[in-house]
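For reference, the structure discussed in these notes is given below.
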Amino acid sequence: MSDLFSPRCFAKILCSVPAAKAQLCGGADYPGIRGKVLFYPAQCGVFVYARVTGLPGGRDKRQFYGFHIHEGGSCAQGFEKTGGHYNPDMAKHPLHKGDLPPLAGFDGQAVTAFFVGGVTAAELIGRTVVIHLMPDDMKSQPSGNSGEKIACGEICAAR
């Protein structure tokens, strides 16, 4: 497992083909948000890479956003069909399988890469990845008080 965090393993994962992906699009109030989230299979979990542009916040401003996997499979109707955080084990927040690290934006852009243990790319296919306007407070139940859903992507097989 320690090899997962080595630079060699990191590079190997990013040069492989992802198992799942999501194209992010902003909602009605944030139509300029665009991005891509890629899910790579890794030992005991998934490696996630995301790149997002058009985030609110303005020039030279740093802002954090909630970033989660939701149980629903559709971004339609103003993201109403995304459901709650993906939480098949009924864990307390922030230990849901759908809880991801906050997305750190600067100057309207964000790039992040991280490992999520205990989940597979295959079980995420058919769900959604959502960006919220506010950062997850990591304590409020059931979902971290992240506020409005501002962007969404439907997770599908990458191949």
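Rule-based calculations on the coordinates, nothing more; no lab input. This one's a predicted model, so the numbers in the text were calculated from it and none came from an experiment. Note: ideal-geometry Cβ built from the backbone for every residue, glycine included; neighbour counts use all protein chains shown.
Structure summary
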| read-out | value |
| --- | --- |
| Percent RCO, i.e. relative contact order, over the chain, from Cα pairs under 8 Å lying at least 6 residues apart | 29 |
| The chain - Cys residues lacking any other Cys C-beta under 4.7 Å | C9, C15, C25, C44, C156 |
| Residues of type aspartates and glutamates that K36 reaches as a straight line, Cα spacing below 12 Å, ignoring anything fewer than 8 places off in the same chain | E154 |
| Inter-label distance for A113 and R34, nm, one decimal - labels placed 7 Å from Cα along Cα-to-Cβ | 2.3 |
| Spatially proximal lysines relative to K81 (Cα-Cα < 16 Å; intrachain offsets below 8 disregarded) | K149 |
| Sequence-distant lysines (8 or more away, or on other chains) whose Cα lies within less than 18 Å of K139 | K92, K97 |
| Exposure proxy order (Cβ contacts within 10 Å, fewest to most) of D89, D136 | D89, D136 |
| 10 °C / 1.306 mPa s Stokes-Einstein diffusion coefficient of the chain, Kirkwood radius on C-alpha pairs, µm²/s | 102 |
| Packing-based order for 9-17, 70-78, 144-152, using average beta carbon neighbours within 10 Å, highest first | 144-152, 70-78, 9-17 |
| Burial ordering of V116, V48, fewest other beta-carbon atoms within 10 Å first | V116, V48 |
